[in-house]
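Taken together, the values in this text are just the output of simple stated rules run on the coordinates, not laboratory data. In this text, all values refer to a predicted model and were calculated from it rather than measured experimentally. Note that each Cβ is placed from the backbone with ideal geometry, even for glycine, and that neighbours are counted across all protein chains shown.
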Amino acid sequence: MARAISVRLDDEADKALRTLGAAGLTQSEAIRTALLGEARHRRRSQELAAEVAALEADEADRDEMLAVAKLMEALRASR
């Protein structure tokens with residue numbers, strides 16, 4: 001179900017909307033595209049943050065990262 005909203009644009013947002021309009025999007029399409037893109041971006045950021053937290057909490061993974069770092073340092077020092 002579609003729902004109409006109103007929005008107050010500052011100069012920067014108005015310029016962005018005009019840029020998208022010049023690319024062939026209607027105002028509605030441009031705003032919908034921006035909203036959906038931002039929502040996807042935020043979801044992905046939250047997913048990545050959760051993945052990082054899980055990896056940081058994984059002691060075996062941390063131990064493996066330290067072992068790899070030590071190996072790389074030893075290889076670098078042997079040059």
Measuring from the longest principal axis of the C-alpha atoms of the chain, the long axis of helix 27-57 (C-alpha) lies at a number of degrees, nearest 10, equal to 20
Share of alpha-carbon pairs per 5 Å distance bin for the chain, given as whole % = 3, 12, 12, 13, 10, 8, 7, 6, 6, 9, 9, 4, 1, 0
Under the 7 Å Cα-to-Cβ spin-label approximation, Ala23 and Ala2 lie apart by a distance in nanometres of 2.1
If you plug each phi of segment 71-78 into the Karplus form 6.51 cos²θ - 1.76 cosθ + 1.60 with θ = phi - 60°, what whole-Hz ³J(HN,Hα) values come out, in order, with x for Gly and Pro?
-> 4, 5, 5, 5, 5, 5, 5, 7
Which ordering of Arg62, Arg3 is given by a fewest-first count of other beta-carbon atoms within 10 Å?
-> Arg3, Arg62
Answer with one residue from Ala53, Ser28, Ala77: the one whose Cα lies farthest towards the positive end of the charge dipole of segment 11-77, charges on Cβ with Lys, Arg +1 and Asp, Glu -1.
-> Ser28
If you place +1 on the Cβ of every Lys and Arg, -1 on the Cβ of every Asp and Glu, and leave all else neutral, what size is the dipole of the chain about its Cα centre, to the nearest 20 Debye?
-> 420
